[in-house]
Amino acid sequence: MSDFARQQADFQRGILTGDDTVLAEILDSPREKRETLYGVYRYAYGSRLVEALRNDHELLHSYLGDETFDEMGHAYVKARPSEHPNLRWFSQGLPEFLRSAEPYCDHPVLADLAALEKALNDAFDAAEGELLDLTAMAAFAPEQWNDLTFRPHPSAARLDLSTNASAVWMALKNNETPPDAATLEEPARILVWRQDTTPMFRELPAEEAMMWDEAANGIPFGVLCEMLATYDDPDGAAARGAGYLHGWITSATLTAVSAD
Amino acid sequence: MNVASRLPNSPAAVERPLQSDKPPFLGFGLGLRAQHYDEILGGNPPIDWFEVISENYMLPGGQPLRVLDRICERYPVVMHGVSLSIASTAPPNFEYLQGLKDLARRVEPKWISDHLCWTGVHGKNLHDLLPIPYTSEALDHVVSRVQLVQDFLGRAIVLENVSTYVQFNNSEMTEWEFLAELSRRSGCWLLFDINNVYVSAFNHGYDPMTFLNGIPADRVVQFHMAGHSHMGTHIIDTHDHPVCEDVWDLYVAAIKRFGRVSTMIERDDNIPPLDELVLEVNRTREIAKKVLPPLGKQAG
């Protein structure tokens, strides 16, 4: 390893772990000791990354308050140093961290709230895609409908929340007192997407969530209707399927349909 | 046939300063920030050009890129990155470089800039503009990296002096000697951050004019003007205040030495309304008008 490479490794280790080896190669300034000057980099590292977490998780920050959020943020920074050149992606692992790390994993609403904010952030700058409109659907003859398959818009994503995090999110967004955190008997099935430039989400009924998931997997409409028939009134399955499909198209969550 | 004899020399072995036309003078600009999107697109602020943070638009899609497309239709744009990590001893991140190249294809920037610094090694990114020792070993390394990046991007890049808080005891030359040599040997252009010169000069106890006079005048294509936070014994480059009077004075000296250089106000935190920053942009313009002869009468 070259001197230059070794010095960079020492400099970085000093920031990440508090090791002082590199101080032997740093000069005092005319007005200040080297420990303080090097400390500018040490302080900036943690504070910049925690600030990035605050920006990406505004409502989790509101929910926890400054002190608890920053403590959690520094724990995340320590556990998962950034490995991506773009700060945009630093917070991607936060939901998983909150789901697995003490003491946060004892409060599952935190991981769910972070997961919802992450999904909305991801929808905000997801790739562009064509939007399927109802006139495109009218081009298909009735006998083709059983074979129709659909492609979700790149911004659309599904997540299941085990807690009432969506109600907490809504209250915080409206500057209201959030409800007490609660674990749900059945997970809340959430669809997130971007309408024009605005990220949106809504909770789906169980059978609509099932139909979305399977449609996203490429299952054709005819089979989707057979699957819907196992959830509720079999005779109304096709109408319910068409209704869900209409809702997806008008809310800009689908990008293509194909009869192949 | 000896295969090795047919291979080109390694980049480190050959000095290949990229000969490129000096980028054009763009006038007096501002760093594009999301807080001002609506005002800029809804009005017609008297700003000649915008500098965009490259990483803010290295995204799959959505509103930031849509806004950027509209800005590019109306203004000259330059791309300014924070993650090139040109001085890192770690292998270059070619995925990042490809992302930068893809964005440049979309933006068609007047130039692409980043900083003379490193941001991490061993797979980590500290998201900071970290200092280097000014040694011949470091210079050789950075020259070869600049050449590689310029070859990859197919254009000369522009590198900025950063604010530094520490100096290394193994430095063999000054920062300005390092920058001058880097530019001469690699062909890169220089972004002269006047606030950073002021900050580093105070922190390390030298005269900012010595720095300014040590930079080759014909290599500077852009000025940055920004504010900082004074901690008494040292200054931190926070970009969260208006430009201070000492830095305005240094700007006058910089114009006298470097001539007509594209200049911009850089504000990254505690971001005020657009009007307030336009006043600072206007001040850069007015000072240049006073100090420089009118266009057409300038020597050379």
Where residues in the stretch A:9-22 are part of a helix (DSSP H, G or I) and surrounded by fewer than 16 Cβ atoms within 10 Å (Cβ to Cβ), which of them is farthest from the other protein chains (Cβ to nearest Cβ)?
-> A:Thr21
Pairs returned, first residue in the stretch A:79-97 that is closer than 15 Å to B:Ser83 by Cβ, second residue that is acidic (Asp, Glu) and modelled with pLDDT of 95 or more, beta-carbon separation under 6 angstrom, 6 or more apart or interchain, are A:Asn86/B:Glu55
Count of the stretch B:235-251 residues which are of a type in the set (A, V, I, L, M) and part of a loop (DSSP other than H, G, I, E, B) = 1
Condition met for B:Phe168 (closer than 23 Å to A:Met1 by Cβ, of a type in the set (A, V, I, L, M, F, W, C) and over 19 Å from the mean Cα position of the chain (by Cα)) | yes
Name every residue in the stretch B:100-144 that is part of a helix (DSSP H, G or I), within 12 Å of chain A (Cβ to nearest Cβ) and under 15 Å from B:His80 (Cβ atoms), in order of residue number.
-> B:Leu100, B:Leu103
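For every residue, the table says whether it meets (1) modelled with pLDDT of 95 or more; (2) crowded, with 18+ Cβ neighbours inside 10 Å.
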position	(1), (2)
A:Leu134	no, no
A:Ala138	no, no
A:Leu161	yes, yes
A:Ala165	yes, yes
A:Glu176	yes, no
What tally of residues in the stretch B:202-234 results from selecting those that are in a strand (DSSP E or B) and surrounded by fewer than 21 Cβ atoms within 10 Å (Cβ to Cβ)?
-> 2
Where B:Ser85 falls short, out of the listed (1) surrounded by fewer than 23 Cβ atoms within 10 Å (Cβ to Cβ); (2) at the interface with another protein chain (Cβ under 10 Å from one of its Cβ atoms) = (1)
Only one of A:Thr21, A:Thr17 is under 14 Å from B:Leu126 (Cβ atoms) and of a type in the set (Val, Ile, Thr); which?
-> A:Thr17
Restricting the search to the stretch A:125-162, which residues are within 14 Å of chain B (Cβ to nearest Cβ) and under 13 Å from A:Thr255 (Cβ atoms)?
-> A:Ala126, A:Ala127, A:Glu128, A:Gly129, A:Glu130, A:Leu131, A:His153, A:Pro154, A:Ser155, A:Ala156
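The values are calculated or read from the model by the stated rules, or taken from the named source; none is laboratory data. Here the structure is a predicted model, which is why all the values come from computation and not from measurement. Heads up, the Cβs are rebuilt from the backbone with ideal geometry, glycines too, and the neighbour counts pull from every protein chain shown.
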